[in-house]
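Input: a single structure, listed below in structure tokens.
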Amino acid sequence: MTAPREGALADALKAFGLFLLVLAIGGGSSWLVRMCLPFPPWAPGLAAQLAFLSASLLIMRFLKHSWRDFGFRLACQGLVRTSLLSLAAASVFAGIATFLLGGSSGGEGPSGLAEDPLALALLSLLVAPICEEVFFRGLLQGYLALRGHGRLSIYMPAVLFSAIHALPFSTSGLTVLTAILTGAFLLGLIAGHLRAASGSLLHPILAHFWFNLLGYAMRLLAG
């Protein structure tokens, strides 16, 4: 009985190593762009996201599995249901969070985005859902699923996905930060289950889009 647990622990550590590697590449790319003064304030965030995507794709190729094993398959069935489920879950969570926060918009978020609604929209609605889902539900969940760890492949990426939101929103206050991390974890769980059920990244990307769209709308309404 101990061998499977040891195997799961070893694979979890390897997945965590992949997470740290891609995170370091993303963080390094963001830092390099931030040091170049001519770039606009939203450029470091874009650089980090594109680095997540590029590094994840390179590692997938290095692992020498089929792209389909990492979610690159066209599975359009159930996309409407995915949208309805994601909107319902995001709306319920947003309502509870707004009540607990007393109407707070959730802080300013990453520096340089709050004053540029167009950049915020492009990053949160287009770039982040694709790049982050390829990273978390494509690379990390795909790797763990290939190793035979069904539940671990869903829950571990969800925890790590939540964790990466701590730094950008670290100045938002403890209550707001807790709400953001909880929301990210909820999205991670939904996206993970959708990825496992469909075998495709289309469903988690769509769920991510709806969560971010609702958050973006709430930010605009809050002014």
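The values are calculated or read from the model by the stated rules, or taken from the named source; none is laboratory data. None of these values were measured; they are calculated from a predicted model. Heads up, the Cβs are rebuilt from the backbone with ideal geometry, glycines too, and the neighbour counts pull from every protein chain shown.
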Collect the residues in region 10-23 that are more than 16 Å from the chain's Cα centre (by Cα) and either under 10 Å from His149 (Cβ atoms) or not in a helix (DSSP H, G or I) (or both), keeping them in residue-number order. Asp11, Ala12
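Return yes or no: is Leu189 touching a residue at least 12 places away in the same chain (Cβ under 8 Å), touching a helix residue (DSSP H, G or I) at 6+ places or on another chain (Cβ under 7 Å), buried (at least 21 other Cβ atoms within 10 Å of the Cβ) and over 19 Å from Gly45 (Cα atoms)?
Values: touching a residue at least 12 places away in the same chain (Cβ under 8 Å): yes; touching a helix residue (DSSP H, G or I) at 6+ places or on another chain (Cβ under 7 Å): yes; buried (at least 21 other Cβ atoms within 10 Å of the Cβ): no; over 19 Å from Gly45 (Cα atoms): yes.
So Leu189 fails the test.
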Please state which one of Pro44, Pro40 is loosely packed, with under 15 Cβ neighbours inside 10 Å and either part of a helix (DSSP H, G or I) or touching a residue at least 60 places away in the same chain (Cβ under 8 Å) (or both). Pro40
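Okay, residues lined up against (1) modelled with pLDDT of 90 or more; (2) of a type outside the set (Lys, Arg); (3) under 18 Å from the mean Cα position of the chain (by Cα):
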residue	(1), (2), (3)
Gly106	no, yes, yes
Ser111	no, yes, no
Leu125	yes, yes, yes
Met156	yes, yes, yes
Leu174	no, yes, no
Ile180	no, yes, yes
Residues that are over 18 Å from Trp210 (Cβ atoms), buried (at least 23 other Cβ atoms within 10 Å of the Cβ) and at pLDDT 95 or above: does region 128-136 have at least one? yes
Within the set of pairs 6+ apart or on separate chains, which have a first residue in region 48-65 that is crowded, with 16+ Cβ neighbours inside 10 Å, a second that is charged (D, E, K, R), and C-beta atoms under 8 Å apart? Gln49/Glu132; Phe52/Glu132
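Table: residues versus (1) at pLDDT 95 or above; (2) part of a helix (DSSP H, G or I).
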position: Ser170; (1), (2): no, no
position: Phe209; (1), (2): yes, yes
position: Gly215; (1), (2): no, yes
position: Arg219; (1), (2): no, yes
